[in-house]
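Report on the following structure.
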Amino acid sequence: MSSGRETQSIKPLEVTLPTSLRSEQLVRIDSQWASSRPALATATRMRYKGLIQGFLDSAERFASREALVVDDKRLSYRELRGRAAAIARTILDRELESFPLAAILASRSVTAYAGVLGILGTGKGYVPLNPKFPVDRTRKMLVLSGSRVLVVGREALGQLHRLLPEIGRTLTVILPDLDDAADLCAAFPQHRFVSSRQMSEGAGFAFDIEVDSAAVAYLLFTSGSTGEPKGVPIHHSNVWSYIEYISNRYEVNERDRFSQEFDMTFDLSVHDMFICWERGACLFSVPEKSVMLPAKFIRDHGLTMWFSVPSVVALLSNMRLLQPRCFPSLRFSVFCGEPLAAAHAQHWQEAAPNSIVENLYGPTETTIAISHYRWDPSKSPQECLNGIVPIGWPFAGQQCRVADHERGEVSETGELCLAGSQVTDGYWNDPEKTRRQFVHFPETGETLWYRTGDLVKRGENGCLYYLGRIDHQVKIRGYRVELQEIEVVLRKTSQAEQVVAVPWPVVDGSADGVVAFVSGVSNVDDLHILDRCREALPDYMVPRKIYRLEEMPLNDNRKIDRKRLVKLLEGA
Amino acid sequence: MTVAMSEAQLVDLVISWVQSNHRPGNSRNGKISADTDLIAGGLLDSFGFIDLIVFIESQSGCKIDLTDVDPSEFCVVKGLCRITLRNQ
């Protein structure tokens, strides 16, 4: 399958070349770049194993070192490699025909991590599914991905009876945490089940694979404006660039202890796992109950690498859990996914005085993150705009341009467009959306640019400042949300003439949730609508409240005036 | 001015608050009791939990210190109330 990319040209624009990096960064990064692994082109010729390569190298070099801690389970690289090998061999032994992707429905368990590695160990890309998401949404993702294999963790077994009935194609369901799958075999004869007792032996499996750098390493789904999740395929070459760059920048080594806060359906989890395993470090899976307030977890495990959305800082701060010097073990603290308030960066810096604090920015389409800003307590407060930390400069080798597309010119303020080895080439089986967002500019020839939809300002020194969106996409607690997707569900369930979803409340540039307005309907059963929303949407997209209006306020263009709706909320 | 509370009184107060302020779409969840896990059951998200802490502090007059408390204790109604009353 392909992303169905067909590009279009838009108005001629002056090209902004990637001269935005500060000179000292260029020198340092380039020297590190040169000393690291062979470039991808060379690596491809050297039996390149793709995203799993770093883990396999570490498993050879640091076989007895701890690779993963999940609750009270501690797995060495040798043990985790063994678990992954068993899953990989089981997939390959039961493969009836070749297919490019396999899905994993698991979360924060040994099977979740071993499953990702096992799938990659077959040379296939992985499709993470989230047991916390509504089953209907998970089924859509599974079907859209075309996966013929599904690896399921213990924590998701209870969902199978609702997930599997409406899957048209035959699935091979691998169950490393279930001894006996007889009940499932009887209930779903159209599918094939492999219990833990029926799985192949991992011993002796050599991970003797080669992957094309253009193959898909993982496929993630983000919120889509039509109501259907939108697939973003990330290729091995995209993620390889990121891992090379970041593991060098943070000088990761085998003594590091990484946090793993993010759900696997959030691409920032790829950073946690594969930056960690690239250099033989240990990954600490943050239990669901500690994700919200992880202060004790950070201290108990002496973490050295922290990566989360900025909302976590606000929560810890509100709970008085961010005391000066409370996280002395941290070397790097990295935030991404939503605007980072300057006050929060400063507060965290005081709590983690031995840590470098960085703000990363990047849409899923550009592989985890593509620009960075390093917090400097002496200078950064003056460099912030509206109290928000800049998104900084693109990674070395990646390109950006800021353009006002309506006026057809490069400008100081406009839409951020990105290009480079980290940028994917289109959406999964969606030529129309691909054409809209992935474009060529006449001045840059074959270079493919991703239009982010993010409105940014470019400072005199090339530093980028995030200002907001040019469309109706918002971030809620770091998750990317198309408000239209919520509105599709609201319209269907409320039968209202007009529905509007509004991010609310918004604190320091970040939305905590969403509320809904409906009009043109007399009887609104809020609880019924919200229950239906909960069945179709992930928790963070379900409106907190529904307001009924006689009619929607309109602006001068006779469009719904969203700003006035926000004013109504402010006055409520 | 606040009055010293018993654990049972505080538990009742918390349950009543959660019943009025839990996440939407959970209307079919079972009865909320002293043993209910507020987070695992999806009743509160992180911001709702903070709102609950603010509410408890205002009612009990106690500052809740979660510095060294395990999440499996403070996510449960009864555990959260006990932590609160330790500082009474």
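Structural remarks
- 5 angstrom amide H check on A:G453, placed H, neighbours 5+ away: A:L416
- Contact order for chain A, expressed relative to its length and based on alpha carbon pairs under 8 Å spaced 6+ residues apart, stands at 16 percent.
- Against the criterion of solvent-accessible heavy-atom surface with a 1.4 angstrom probe, A:R477, A:R564, A:R255 sort, most first, into A:R255, A:R564, A:R477.
- Of the residues A:S223, B:S58, the one with the largest accessible area comes first in the ranking B:S58, A:S223, computed with a 1.4 Å probe on protein heavy atoms.
- For the pair A:E446 and A:R255 in one chain, pulling the backbone fully straight at 0.36 nm per residue adds 64.5 nm over the alpha carbon distance.
- Net lengthening on full extension, A:R61/A:D136 (0.36 nm per residue, minus Cα-Cα): 22.7 nm
- Spatially, the stretch A:189-209 and the stretch B:31-48 are offset by 38 Å when compared through their Cα centroids.
- Mean residue ellipticity, 222 nm, helices only, the protein assembly as shown: the sum of -39500 (n - 2.57) across DSSP H runs of n ≥ 4, divided by residue count and rounded to 500, is -9500 deg cm²/dmol.
- Here the calculated FRET efficiency for A:E210 and B:A8, from their Cβ-Cβ distance with R0 = 51 Å, stands at 0.20, rounded to the nearest 0.05.
- Local net charge near A:L340, Cβ-Cβ under 11 Å (Lys/Arg +1, Asp/Glu -1): -3
- Placing a label point 7 Å from the Cα of A:A187 along the Cα-to-Cβ direction, the residues of the stretch A:144-159 whose backbone N falls under 18 Å from that point are A:150-159.
- Taken along the Cα-to-beta-carbon direction at a fixed 7 Å, the label points for A:E570 and A:E432 span 3.7 nm.
- Inter-site label distance for A:E497 and A:R320 at 7 Å from Cα along Cβ, in nm: 5.2 nm
- Percent accessible area from carbon and sulfur atoms, the protein assembly as shown, protein chains only, probe 1.4 Å: 48 percent
- Degrees between helix B:7-21 axis and first principal axis of chain B (Cα, 0 to 90, nearest 10): 40 degrees
- Looking at chain A, the DSSP beta bridges with both ends there are about 60 percent antiparallel.
- Placing +1 on each Lys and Arg Cβ and -1 on each Asp and Glu Cβ, with no other charges, gives the protein assembly as shown a dipole about its Cα centre of roughly 320 debye.
- The stretch A:97-160, relative contact order in percent, only Cα pairs under 8 angstrom and at least six apart counted: 50 percent
- Residue list for the stretch A:310-324, given a label point 7 angstrom along the Cα-to-Cβ vector of A:R299 and an amide N cut-off under 19 Å: A:312-324
- Rounded accessible area of A:K492 (nearest 10 Å², 1.4 Å probe): 150 Å²
- Between the Cα long axis of helix B:77-86 and the first principal axis of chain B there is an angle of about 10°, rounded to the nearest 10.
- Summed side-chain charge close to A:L537 - residues other than A:L537 whose Cβ falls under 10 Å, Lys, Arg +1, Asp, Glu -1: -1
- With all protein chains in place and ligands, DNA and RNA left out, the 1.4 Å accessible area ranks A:T434, A:T226, A:T413 as A:T226, A:T413, A:T434, largest first.
- Cα-Cα over 24 Å, subset of A:K289/B:K63; A:K73/A:K296; A:K289/B:K31; A:K49/A:K140; A:K296/A:K475; A:K475/B:K31: A:K49/A:K140; A:K296/A:K475; A:K475/B:K31
The values are calculated or read from the model by the stated rules, or taken from the named source; none is laboratory data. Source: prediction; values computed, not measured. Neighbour counts run over all protein chains shown; Cβ positions are idealised from the backbone, glycine included. Ligands, DNA and RNA are stripped out before the accessible areas are found, and what is left, the full protein with its side chains, is counted by its heavy atoms. Shrake-Rupley method; radii C 1.70, N 1.55, O 1.52, S 1.80 Å.
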